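What follows is one structure encoded as structure tokens, with my remarks underneath.
Values quoted throughout were computed directly from the atomic coordinates according to the rules given, and no laboratory measurement underlies them. The structure displayed is predicted, hence computed values, not measured ones. Every residue, glycine as well, gets a Cβ built from its backbone with ideal geometry; the counts of neighbours run over all protein chains shown.
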Amino acid sequence: MIAAMSDSAASDSVARLSLSALFFGFLKVGLSGFGGVMPFARRMIVEQRRWLTEAEFLDVLSLSQFLPGPNIVNVSVIIGRRFQGVAGSIAATGGLMLMPLVIVLALATIYGQVAQIDAVRNALNAMSAAASGLILSTALKLARPIGSVAWQIGVCAAVFVAIALLRAPLLWVLIVICPVSFAIAWRIRG
Amino acid sequence: MIPPVLWELASQFLVLSFLSIGGANAVIPEIHLRVVDTEHWMTDADFAQLFALSQAAPGPNVLIVSLVGWKVAGIVGGVVAMLAMSGPSSILTYGVAHAWERFRDAPWRIAIQRALAPVTVGLILASGYVLTRTADHSWAAYIITGVTLVLTLRTTVHPLWLLAVAAVLGAFGLV
């Protein structure tokens, strides 16, 4: 019932979302953050332009996280599809990736010219130390919700040991751990 | 007349596209394993520097993939790597988006989400660990990683400031 209502609420605004609105909306998102843009996507889609309700966005987000692929790219594919089908997905994803790709490749080209200079190399080495700290903090923030569930801590630890310490190939780790994790989640559901 | 290295690059990231549950940040160790250890396309230091560059540019965190592609085969390589990383997963996402909406409250769907959450966290923690091991070769570097971690968790300071301060310290040879 609630699902049906939110579907019809969303479809009311569908007609008004053009390909160019999708393209430029996601273009703005692509340029708004550093090292990840998901919070800005939520703000634009839910708060500023009201393309989706908060609940609809969370739904899109959870699917994007569960499927393989860059999460924000999956979000743009799903939202583009919802309003304009294949063309909408291409417009949204193209808008999202175009400028960041141009900028990062321009930066890379400059980096290629100056990478031999000692000061530049030292600066980038120090930046990579800081960048490691950033990604560790991302992981710890994500870990908060699972912090009190014993079996989830166990799964998390097993993945960490396999990938970080044993350097096992990701494919095999996923093949072994995902079914085990699902079996536990299924047994204690509800 | 497509250079073989482009095919190689594309095939590596086409596979990674299907493995990247939890997004680009979750597959950093696997990318490192493939491009440094298996293919010998770059050194540890190159990889760590490219990751730092990707954090200093605006946009999604998947940009690290295009930087790896750039290092291997220039600008074309950057574009090819990004398309290969995003293409297969996007097609899959497009295909299942409708079914997902229909099974909104299905028990198996909720179980899958609960099952994958800790996998994702474990993968991203592993990314942080592998990057730290790859990037940090001095006490000063470990201190920068630690201070960045604590400040991002405890304050709302913008990550770019932390990268900038680290860059300045590094440029003056203090790290």
With the contact rule set at Cα under 8 Å and sequence spacing of 6 or more, what percent relative contact order holds for chain A? 18
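Considering all projection directions equally, how large on average is the shadow of the alpha-carbon convex hull of chain A, in square nanometres?
14.4
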With Cβ to Cβ distances under 12 Å as the rule, what net charge do the other residues near A:SER137 carry (K, R +1; D, E -1)? +3
Taking trypsin sites (Lys or Arg not before Pro) as exposed when in a DSSP loop with at most 16 other Cβ atoms inside 10 Å, chain A has its longest clean stretch at A:51-166
Quick one: which residues, 5 or more positions from A:PHE34 or on another chain, have an amide H under 5 Å from its amide H? H modelled 1.01 Å from N in the peptide plane, none for Pro or chain starts. B:GLY59
Please report the spacing between the Cα centers of segment B:1-17 and segment B:69-142 in Å, no decimals. 18
Give me the net charge of B:PHE51's neighbourhood, meaning all other residues with Cβ under 15 Å from the Cβ of B:PHE51; Lys, Arg count +1, Asp, Glu -1. 0
For segment B:4-135, what is the convex hull volume of the alpha-carbon atoms per residue, in Å³? 109
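Averaged across A:36-45, how many Cβ atoms of other chains sit within 10 Å of each residue's Cβ atom?
2
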Mind checking A:181-187 for the average number of partner chain beta-carbons within 10 Å of each residue's beta-carbon? 6
Other chains near A:173-179: what is the mean number of their Cβ atoms within 10 Å of each residue's Cβ? 3
Which GluC sites (Glu not before Pro) from segment B:1-93 combine a DSSP loop assignment with at most 16 other Cβ atoms within 10 Å? B:GLU39
Okay, helix-only estimate at 222 nm for the protein assembly as shown: each DSSP H run of n ≥ 4 adds -39500 (n - 2.57), divide by all residues, round to 500 deg cm²/dmol; what do you get? -25500 deg cm²/dmol
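Kyte-Doolittle cut-off -0.5, length cut-off 27 Å along the helix's own axis using Cα: show which whole DSSP H helices in chain A pass.
A:71-114, A:118-143
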Calculate the spin-label point distance for B:ASP105 paired with B:LEU160, positioning each point 7 Å from the Cα along the beta-carbon direction, and give it in nanometres. 4.5
